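Comments concern the structure below.
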Amino acid sequence: MGYWVQSMLSESLRVPYRADDAVGTTVVGSVLTALVGVGVVVWAVLLAVWLPVGLAFTPVVALPSLVLRGYLLEVVDGGIRETVAMPSFVRWGSLVRRGASSALISAIYLLPAAACAGLAVGAGVATVVSPPGFEGALQALTGVVIMIAGFGLLVYGLVYLYVRPAARAVFAASGSVRAALGVRRVGRLAATADYLTGWLIGMGVLAVGPAVLLPLVVVAGIVGVVSPPAALLFLLATLLLGVVLGFVFRVSAAWSTGRGAATGIETLYPAAVTTDADEPTATPRGRPTPDGDGGSVEATPRVQTGRTVGPRSTGEPDAAADSDHGVAAEPTDTDPTPEDEAESDADAESTTDTEERSTDDEPSGFVWGVDDNDSQ
């Protein structure tokens, strides 16, 4: 057990660097992470200053977050299938759609927390405003409601923090929002020891980020006493490092939760973890295609990121590829049977007169270098 935990931890930390385009993927993920942070701040200011403009700016703010959510689903799916490599940012439309589904799942799971928060805020406002007749038993009841709602919010927040990654793993494996909202199956998955181990590793990895950046912030404060411009540059460098580490640690945490959920997912959804042996990144059986078009074929991520190109660029079938997939190549030449020879002799006799009447200068209809099959 200890060796398995150590192996999962080391693999989760290596995942962000186990890809041919790891640098490019990290840059794209870091830029998206920075856009999410800056966009949220700008969006909050616009909502406070000019509400219509802030509402109109909402889709722009949500787009990078949806892409990141969809990408982390791919990372979780890689952990479920034990793919120790960071996926690339390809099929952006699919990432946005799956990210929107992930956001919907999170919103639904947050409804109990929203109810508790609403009760606490409402009771607090009533206590502060204190309308006429609000005294005695009503004030005592309001205090009890605030305590119960606050305690419920705290407890459910911890439950959400633990159960939400399990629901995300179910959705990543099955591609079904309904399955991810199945409380019983998600609860059974969250109750497994492997998932608990993966979740603890993920939370530990996420906690490393602030622990690494805090000393750098302290150093920036010390430098600021001597030289404020140098402290500003040091602080900006620390912020940039924090953005990069934030994306990298989120990838590691998502992979570890997916790896921990693999055993439970295989029991609950066995078809979701079955892949083609000759394509490690193939879409699992039982899941919709990434573009949701019912089976359209799209270039693999390795081709889209420029890692490799197939042997043919004209779209012609490859005989070697067909043989690898177990498809027998169609024979081009076959030995004639006695019946075929008899039919050929009869055809030859029926056209003898026509051939005798043809002259040498008449075109024969045959062009050198062009096969009959190609001419058709």
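Got a sec? Which of Arg184, Arg168 is charged (D, E, K, R), closer than 26 Å to Gly264 by Cβ and under 23 Å from the mean Cα position of the chain (by Cα)? Spell out the reasoning first.
On the way: Arg184 fails: under 23 Å from the mean Cα position of the chain (by Cα).
The unique qualifying residue is Arg168.
Just wondering, is there one or more residues in region 252-266 that are more than 19 Å from Ser174 (Cα to Cα) and part of a helix (DSSP H, G or I)? Let's see the steps before the verdict.
Initial filter on region 252-266 (more than 19 Å from Ser174 (Cα to Cα)): 252-253.
Keeping just the survivors that are part of a helix (DSSP H, G or I) gives 252-253.
Among the residues of region 252-266, at least one is more than 19 Å from Ser174 (Cα to Cα) and part of a helix (DSSP H, G or I), which makes the answer yes.
I'm trying to understand the selection: among the residues of region 189-247, which are touching a residue at least 40 places away in the same chain (Cβ under 8 Å), part of a helix (DSSP H, G or I) and in contact with a Ser or Thr (Cβ under 7 Å, 6 or more places away or on another chain)?
Those that are touching a residue at least 40 places away in the same chain (Cβ under 8 Å), part of a helix (DSSP H, G or I) and in contact with a Ser or Thr (Cβ under 7 Å, 6 or more places away or on another chain): Asp194, Gly198, Trp199, Ile201, Gly202, Val205, Val243, Val244, Gly246, Phe247.
Check whether at least one residue in region 86-108 is touching an Asp or Glu at 6+ places or on another chain (Cβ under 7 Å), under 17 Å from Ala169 (Cα atoms) and outside any helix (DSSP H, G or I), and report yes or no.
Yes, region 86-108 contains a residue that is touching an Asp or Glu at 6+ places or on another chain (Cβ under 7 Å), under 17 Å from Ala169 (Cα atoms) and outside any helix (DSSP H, G or I).
Of a type in the set (Gly, Ala, Ser) and without any contact (Cβ under 8 Å) to a residue 24 or more places away in the chain: which single residue out of Ala137, Ala173, Ala167, Ala179 fits that description?
Values: Ala173 fails: without any contact (Cβ under 8 Å) to a residue 24 or more places away in the chain; Ala167 fails: without any contact (Cβ under 8 Å) to a residue 24 or more places away in the chain; Ala179 fails: without any contact (Cβ under 8 Å) to a residue 24 or more places away in the chain.
From the options Ala137, Ala173, Ala167, Ala179, the qualifying one is Ala137.
Scan the helices (runs of 4 or more DSSP H) fully inside region 1-71 and keep the ones with 1 or more residues being among the aromatic types (Phe, Trp, Tyr) and modelled with pLDDT under 95. It would help to see each step written out before you state the result.
Numbers: elements: 2-14, 22-49, 51-56.
By residue number, 2-14, 22-49.
The values are calculated or read from the model by the stated rules, or taken from the named source; none is laboratory data. Remember, predicted model here, so these are calculated numbers, not experimental data. Positions of Cβ are backbone-derived with ideal geometry, glycine not excepted, and every protein chain shown enters the neighbour counts.
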